[in-house]
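Q: Next up is a structure, given as structure tokens.
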Amino acid sequence: MSPSIGVVVHASRRGVFEEAVEPLSGISLKWVTYGHEQEIRPRVRRLVDGHGLDGLLLGAVPYRACRDLLARSLPVAVIRSSALDLALALSQAQARGWQPVPVSIDTFDHEVVSEVTESVHLDRTRASCLPYADDQTIDEICAFHHRSLEDGEGYVITARTAVLRQLRGTLRVLNGSPTPSSIRAELHELALRIRSERAGAAAFAAGIFRLNGPGQSGDLERSRTGLLRLLRATPELADAWIEDRGRRGVVALGRRTLFERLTRDWLVLPVLGRAQEALGVEVAAGFGVGASARSSVLLAERAVGRAESENRPCGYLMEDGGLVIGPMGPGGQQPSPSCREQDDRMRELARTIGLSPATLSRLAAIEHDLAGRPVTPSELADAMTITDPSGRRLIRKLHAHGLITSEGCTQTHRKGRPTGLYRLAIDAALTGSGEGHPLSAV
């Protein structure tokens, strides 16, 4: 079934978006068009309530207006103006015969402005920049441009439709909004993410539950039989295949979504608390998600071994891509506020960037492994098991959101182009969390 994606767009930009999506196939689009910002929330509410959306594509302004209406599980791509969009706007100024500087720019990040001005050899000190912020008003942005160009020379590049409309007639102004190619790339990536998450939800998974010791009566067999009955009576595992696995263990096989429900999206394991109450035993749990049933069971074996090393009832998840989540505490114990806040920040950050939470979690695990060491784009691509071009695109996306910093370059051979070095900064973006970070590395 084709993914159903909602597209939220200003009326003046509808034609640009339609041009962007025309070459794409295999997706169904639901349009929300608005003329003023106050129209966004009610129209998006009708969209998400009235249609079974698989994803949502929108800009930073409509996202700010309606993000609290969106389910955390809904994949969202937030379109932001890119370096290419700024370079094209500067080219338009040159085509009109305008001097390249001074120029006043809003919405673009400082890093993007510095990158582009350096690439086209412009004086960065004469390019004023006001990055996007949620609390900016149109009047404040216009006042910034007037201050930056108070001598009357120069021009404005803006990605805000309302600013463009308000400044016309008072300053020379160009539209720096995302071009069809930028929109198309974001939509294509969102569709791929939706399909990937669908495949992940349908993926085969395994769960292994292992007794840490016999019950109070010392009857190990009775405790294992009791655990088997308890799991078979657990509603979240109603569709799973559950059987004995050795003298101390029980294995459950089924779709990944079964175990996501069982663990409240990999946060807690209530069934461990029920086992301790009803059977008087401590249980360790391991979950594996792999390309096959065999690989899922092998990953679950490794995960339950990791859980047993904690010397307390808990669970771990291991995926074949290297993602590890844990420890997940026993039932009846809700995750600490810091863990919930960490999870919310991870999901919110992933949504803002346009990545899946699993991808961002994997990057956080890689940063932990690197321990502050910078990496090349090729090294990051290898760690993420993606192609080099995909690795470079990922670095550009992370750099645009301040989640990676440039650390110079390296040149291993006298000939050839130097290779950039980058340092991940995922953890810095998630500051404020306490102990018990739910992510760790293998």
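The values are calculated or read from the model by the stated rules, or taken from the named source; none is laboratory data. Model, not experiment: these values are computed from the prediction. Cβ: placed from backbone, ideal geometry, glycine included. Neighbour counts: every protein chain shown.
Q: Looking at Gln99, Gln94 in this structure, which one is farther than 27 Å from Thr257 by Cβ and outside any loop (DSSP other than H, G, I, E, B)?
A: On the way: Gln99 fails: outside any loop (DSSP other than H, G, I, E, B).
Of Gln99, Gln94, the one residue that is farther than 27 Å from Thr257 by Cβ and outside any loop (DSSP other than H, G, I, E, B) is Gln94.
Q: Working only within the range 266-282, note down all residues that are assigned to a loop (DSSP other than H, G, I, E, B) and at negative phi. Steps first, answer last, please.
A: Just the residues of the range 266-282 that are assigned to a loop (DSSP other than H, G, I, E, B), to begin with: 266-267, 280-282.
If the condition is that a residue be assigned to a loop (DSSP other than H, G, I, E, B) and at negative phi, then Leu267, Val281, Glu282 are the ones that fit.
Q: In the range 303-331, what residues are under 25 Å from Ala383 (Cα atoms) and among the acidic types (Asp, Glu)?
A: Listed by number, the residues that qualify are Glu319, Asp320.
Q: OK, next. From the set of residues in the range 87-140 that are within 19 Å of Gly59 (Cβ to Cβ) and among the small types (Gly, Ala, Ser), which is surrounded by the most Cβ atoms within 10 Å (Cβ to Cβ)?
A: Looking at the filtered set, the residue picked out is Ala89.
Q: Moving to a separate point now. Going through the range 346-369 one residue at a time, which ones are buried (at least 21 other Cβ atoms within 10 Å of the Cβ) and acidic (Asp, Glu)?
A: Answer for the range 346-369, where residues must be buried (at least 21 other Cβ atoms within 10 Å of the Cβ) and acidic (Asp, Glu): just Glu367.
Q: Sticking with this one: I'd like to know if the range 285-299 contains one or more residues that are among the basic types (Lys, Arg) and modelled with pLDDT under 90. Can you show your working first?
A: Taking the range 285-299 and keeping what is among the basic types (Lys, Arg), we get 294.
Next, only the ones that are modelled with pLDDT under 90 stay: 294.
Scanning the range 285-299 turns up at least one residue that is among the basic types (Lys, Arg) and modelled with pLDDT under 90.
Q: Which number in (1) surrounded by fewer than 14 Cβ atoms within 10 Å (Cβ to Cβ); (2) modelled with pLDDT of 75 or more marks the one condition that Ala429 misses?
A: That leaves (1) as the condition not met.
Q: Can you find, within the range 155-186, the residue that is farthest from Ala95 (Cα to Cα) among those that are of a type in the set (D, E, K, R) and surrounded by fewer than 23 Cβ atoms within 10 Å (Cβ to Cβ)?
A: Glu186
Q: Now for a separate question. Of a type in the set (Phe, Trp, Tyr) and touching a Phe, Trp or Tyr at 6+ places or on another chain (Cβ under 6 Å), is that true of Tyr155?
A: So Tyr155 passes the test.
Q: Oh, and also: Could you list, ordered by first residue, the pairs with Cβ atoms under 8 Å in which the first is in the range 128-153 and assigned to a helix (DSSP H, G or I) and the second is buried (at least 18 other Cβ atoms within 10 Å of the Cβ) and basic (Lys, Arg), at least 6 apart or interchain?
A: Ile138/Arg160; Ile141/Arg160
Q: Do we have Ala364 as part of a helix (DSSP H, G or I), among the small types (Gly, Ala, Ser) and at pLDDT 75 or above here? Even if it seems obvious, please write down each step before you answer.
A: Details: part of a helix (DSSP H, G or I): yes; among the small types (Gly, Ala, Ser): yes; at pLDDT 75 or above: yes.
For Ala364, the condition - part of a helix (DSSP H, G or I), among the small types (Gly, Ala, Ser) and at pLDDT 75 or above - is met.
Q: Being more than 30 Å from Ala240 (Cα to Cα), hydroxyl-bearing (Ser, Thr, Tyr) and in a helix (DSSP H, G or I) narrows it down to one of Ser196, Ser177, Ser182, so name that one.
A: Working: Ser196 fails: more than 30 Å from Ala240 (Cα to Cα); Ser177 fails: in a helix (DSSP H, G or I).
Result: Ser182 is the single residue among Ser196, Ser177, Ser182 that is more than 30 Å from Ala240 (Cα to Cα), hydroxyl-bearing (Ser, Thr, Tyr) and in a helix (DSSP H, G or I).
Q: So, one more: Which of the residues that make up the range 374-408 are charged (D, E, K, R) and in contact (Cβ under 8 Å) with a residue 40 or more places away in the chain?
A: Within the range 374-408, the subset charged (D, E, K, R) is 379, 382, 388, 392-393, 396-397, 407.
Selection gives Arg396, Lys397.
Q: Just checking, which of Ser356, Ser338 is among the hydroxyl-bearing types (Ser, Thr, Tyr), in contact with a helix residue (DSSP H, G or I) (Cβ under 7 Å, 6 or more places away or on another chain) and modelled with pLDDT under 75?
A: Details: Ser338 fails: in contact with a helix residue (DSSP H, G or I) (Cβ under 7 Å, 6 or more places away or on another chain).
It is Ser356.
Q: Restricting to the range 16-60, what's the tally of residues that are exposed (fewer than 15 other Cβ atoms within 10 Å of the Cβ), among the small types (Gly, Ala, Ser) and on the phi < 0 side of the Ramachandran plot?
A: Here the count works out to 5.
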